[in-house]
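Please read the structure below before turning to the comments.
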Amino acid sequence: MIQLFVAFLSVFMLGGEPLNGYKPGDKATDFFLKGIDGKFYSLSSFPNAKGYIVVFTCNHCPYAVMYEDRINDLAKKYGPQGYHLIAINPNDPEVQPADSFEKMKERADEKSFVFPYLFDEGQKIYPLYGATKTPHVFLLDAQRVVKYIGAIDDNPQDASAVKVRYLENAIAALNAGKNPEPETTKAIGCSIKFKK
């Protein structure tokens, strides 16, 4: 029981905010989360992956909405190359009703999402990763080692004005057998909603 309590404290601070999370070089723990299609997904659902693009995002956040099409395009571009994009909604729907499981299904249908859109029920996964914003991206290699954390690119407001594509540059580095540079950037978005 004491070990469980210590483990709990290592993941959470008071108020439910993440105390820490993964850093580049850490190995990510697998998860088992329900998708909007009713199926359960994990990283091991993609056994031949070259890597994983894990995006913590949601329905209601204006930043998440601005990135929806870009996230869908990334899934279409990199999925066939072996980098599977998995989106996870970390928000508590009691705090933000627009991020309920039913609303997730509606939004995915409206936007024709081509990637698994999963619900972090009980908010157990986002603190492990250390996600703080929506969207917040974690790029993992085939062994689930974290290689890049942060923003998708440098311009949330205007996709046509993007100058630096952080995530795509990180994937290119992995394909070249190198570590991404930078390995981390600041995620720009809405705070994750949790019960206080």
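The numbers here are math on the coordinates, done by the rules we state, and not lab data. All values derive from a computational prediction rather than experimental measurement. Glycine also receives a Cβ, built like all others from the backbone with ideal geometry; neighbour counts cover every protein chain displayed.
Brief remarks on what is shown
- Signed unit charges on C-beta, dipole axis of the range 25-191, positive-most listed residue Asn179, Leu140, Gly150: Asn179
- Here the sum of -39500 (n - 2.57) over DSSP H runs of 4 or more residues, divided by the residues of the chain, equals -8000 deg cm²/dmol at 222 nm, to the nearest 500.
- Of Ile125, Asn89, His60, farthest towards positive along the dipole that unit charges on Lys, Arg, Asp, Glu beta carbons give the chain: Ile125
- Using the average count of surrounding beta-carbon atoms within 10 Å as a protection proxy, the listed peptides 146-152, 123-129, 92-98 rank, highest first, as 146-152, 123-129, 92-98.
- Note: relative contact order over the range 48-125, using C-alpha pairs below 8 Å and six or more positions apart, is 37 percent.
- Qualifying GluC sites (Glu not before Pro) in the range 95-129, DSSP loop, other Cβ atoms within 10 Å at most 15: Glu121
- For the residue pairs Lys163/Lys186; Lys23/Lys105; Lys103/Lys133, the C-alpha atoms sit more than 21 angstrom apart in Lys23/Lys105.
- Of the residues Ile188, Pro116, Gly51, the one whose Cα sits farthest towards the positive end of the charge dipole of the chain is Gly51 (charges of +1 on Lys and Arg Cβ, -1 on Asp and Glu Cβ, taken about the Cα centre).
- Debye, to nearest 20: dipole size of the chain, +1 on Lys, Arg Cβ, -1 on Asp, Glu Cβ: 360 debye
- Dividing the mean sequence gap of close Cα pairs (under 8 Å, 6+ apart) by how many residues the chain holds gives a relative contact order of 28 percent.
- From the alpha carbon centroid of the range 31-106 to that of the range 131-196 is 14 Å.
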